[in-house]
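Notes follow the structure.
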Amino acid sequence: MMMTRWNPFREIVEMQRTMDRMVDEVNRVVGSNATEWSAVGKWLALDVYENDDNFIVEANVPGLTPDDIEITVHEHTLTISGEVTQAELPDDTRQILNERRFGTFRRSVTLPSMVEVDKADANYHDGVLTLTLPKSEAAKPRQIAVKSGTLLENGK
């Protein structure tokens with residue numbers, strides 16, 4: 001029986017090959033359905049913040065107009081959807097690289113509490129959509145006043 005000395009670098013090279021195959025597979029799946037933003041890695045990135053009164057949501061949606069964006073709120077779920085259309089190339093032009101995303105997109109996020117949809121504000125400026133969603137009164141933090149008094153016997 002012949003013994004082979006363990007070589008950690010051989011395992012690293014094999015792991016690299018495995019990772020390369022996985023990345024190639026993801027690229028193949030995404031590339032076959034390039035118009036769907038719901039494919040792997042093509043979701044709409046969101047930033048969500050909150051303060052005492054509002055949830056603030058920011059999304060990069062360059063190339064759209066406010067009419068291209070649809071925003072809905074149902075119970076605790078905010079959904080942003082729309083479509084980015086690809087410009088037609090002139091007949092005498094051939095494409096060399098195509099990395100911009102085109103097609104429909106839809107992104108939903110569950111908010112921690114209900115919002116006042118009637119008081120919501122959506123602003124689109126320089127390719128950034130900013131939503132200000134006022135929290136419902138029931139969701140806002142409340143302060144409890146501490147009263148001064150005497151303790152009764154047994155804490156009652």
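The values are calculated or read from the model by the stated rules, or taken from the named source; none is laboratory data. Quick caveat, the model's predicted, so the values are computed rather than measured. Here the Cβ is made from the backbone with ideal geometry for all residues, glycine too, and neighbour counts use every protein chain on show.
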Given D47, D91, which one is farther than 20 Å from E137 by Cα, under 19 Å from the mean Cα position of the chain (by Cα) and not hydrophobic (A, V, I, L, M, F, W, C)?
D47
Going through (1) in contact (Cβ under 8 Å) with a residue 40 or more places away in the chain; (2) at negative phi; (3) surrounded by 14 or more Cβ atoms within 10 Å (Cβ to Cβ) one by one, D68 fails only at (1)
Residue under question is L131, and the condition is that it be farther than 30 Å from V26 by Cα, under 14 Å from the mean Cα position of the chain (by Cα), surrounded by 15 or more Cβ atoms within 10 Å (Cβ to Cβ) and aliphatic (A, V, I, L, M); does it hold?
yes
So, in the stretch 106-123, exactly how many residues are assigned to a strand (DSSP E or B) and modelled with pLDDT under 95?
6
Out of (1) at positive phi; (2) free of Cβ contacts under 8 Å to residues at least 12 places away in the same chain, the one E75 does not meet is (2)
If I ask for residues that are within 12 Å of G127 (Cβ to Cβ), in contact with a strand residue (DSSP E or B) (Cβ under 7 Å, 6 or more places away or on another chain) and at pLDDT 85 or above, which ones from the stretch 59-96 would you list?
A59, N60, V61, L64, P66, D68, I69
So which residues in the stretch 124-139 are within 22 Å of P62 (Cβ to Cβ) and in a loop (DSSP other than H, G, I, E, B)?
D126, G127
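Inspect all residues belonging to the stretch 100-117 and state whether any of them is within 30 Å of Q143 (Cβ to Cβ) and among the acidic types (D, E). Explain how you work it out, then say what you get.
Filtering the stretch 100-117 down to residues within 30 Å of Q143 (Cβ to Cβ) leaves 109-117.
If we keep only those that are among the acidic types (D, E) as well, we get 116.
Yes, there is a match, as at least one residue in the stretch 100-117 is within 30 Å of Q143 (Cβ to Cβ) and among the acidic types (D, E).
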If I filter the stretch 23-45 for residues that are aliphatic (A, V, I, L, M), under 19 Å from L111 (Cβ atoms) and either modelled with pLDDT of 75 or more or assigned by TED's automatic domain parsing to the domain that holds G127 (or both), do I get at least one hit?
yes
If you check every pair at least six apart or on different chains, which have Cβ atoms under 8 Å apart with a residue in the stretch 120-148 that is on the phi > 0 side of the Ramachandran plot first and a residue that is in a strand (DSSP E or B) second?
G127/N60
